[in-house]
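The values are calculated or read from the model by the stated rules, or taken from the named source; none is laboratory data. Everything numeric here is computed off the predicted structure, so don't read it as measured data. In this analysis, Cβ positions are derived from the backbone assuming ideal geometry, glycine residues included, and neighbour counts consider all displayed protein chains. These accessible areas exclude ligands, DNA and RNA; they are computed on the full protein's heavy atoms, side chains included. Shrake-Rupley method; radii C 1.70, N 1.55, O 1.52, S 1.80 Å.
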Amino acid sequence: MPDPRQALALLDAMRTQSARGRRLVAFFGCMYYAAARPAEVIGLCVEDCDLPRRGWGVLRLRETRPRSGSAWTDSGTAHDRRGLKHRPRKSVRTVPIPPDLVALLRWHIVAYGVTPDGRLFRTQRGGLIQDTEYGEVWAEARLRALTPTQRSSSPAKRPYDLRHAAVSTWLSSGVEPQVVVQRAGHSVAVLFRVFAKCLDGSAATANARIEATLRGGR
């Protein structure tokens, strides 16, 4: 998974690669800053975003739009509409988002508007974002932002790695695992299996804070 510098370099590379890349910077930003899954971002609506001029905002994630193929969906469209992963059908996951993502989403809305049904992200023809489309933008960004050595190793091989980078950043910053689980929508088992190294680091941070408090009480 990419480190913060690599993740930001990838977002910058999207801004400059093409008109299609610029349209998707905020899309990828939701994965990196809010640990959202691509299928959750595809259907994100403006009414589910609190985007103040200053400070932190909020995303309310309500559904996923996985690509299943028109033959496999009830609606006959390529994307199905489902509830959030690991949650009851009508659950809403509330994710606080930092000012950087607030500003990015506000810019996106001014630059591109929203669809008649309120969706933030769409193709140039107004359709749902396809995995092939954002995959091509991601591949080009990797070529522009990463060195050959970085591209041949594990960081940022898939867009989904931005979500992993977000979770790792939260854990490394000392955010408690139960808060991370709530925001990212992980199961506890996945969190402890995939992010064991980060959890070890957050435990060390917690130990240091406890020790500092104990010393202060002497």
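For segment 124-135, the set of residues classified as touching a residue at least 12 places away in the same chain (Cβ under 8 Å) and within 19 Å of the chain's Cα centre (by Cα) consists of LEU128, ILE129, GLN130, ASP131, GLU133, TYR134, GLY135, listed by residue number. Here segment 51-80 is the region considered, the condition is being at pLDDT 55 or above and open to solvent by 70 Å² or more (accessible area, probe 1.4 Å), and the residue that is farthest from PRO99 (Cα to Cα) is ARG67.
Output the residues belonging to segment 97-129 that are open to solvent by less than 20 Å² (accessible area, probe 1.4 Å) and within 23 Å of ARG54 (Cβ to Cβ). Those that are open to solvent by less than 20 Å² (accessible area, probe 1.4 Å) and within 23 Å of ARG54 (Cβ to Cβ): ILE97, LEU101, VAL102, LEU104, LEU105, HIS108, LEU120. Scanning segment 174-193 for residues that are over 17 Å from the mean Cα position of the chain (by Cα) and of a type outside the set (Val, Ile, Thr) yields GLY174, GLU176, PRO177, GLN178, ALA189, PHE192, ARG193.
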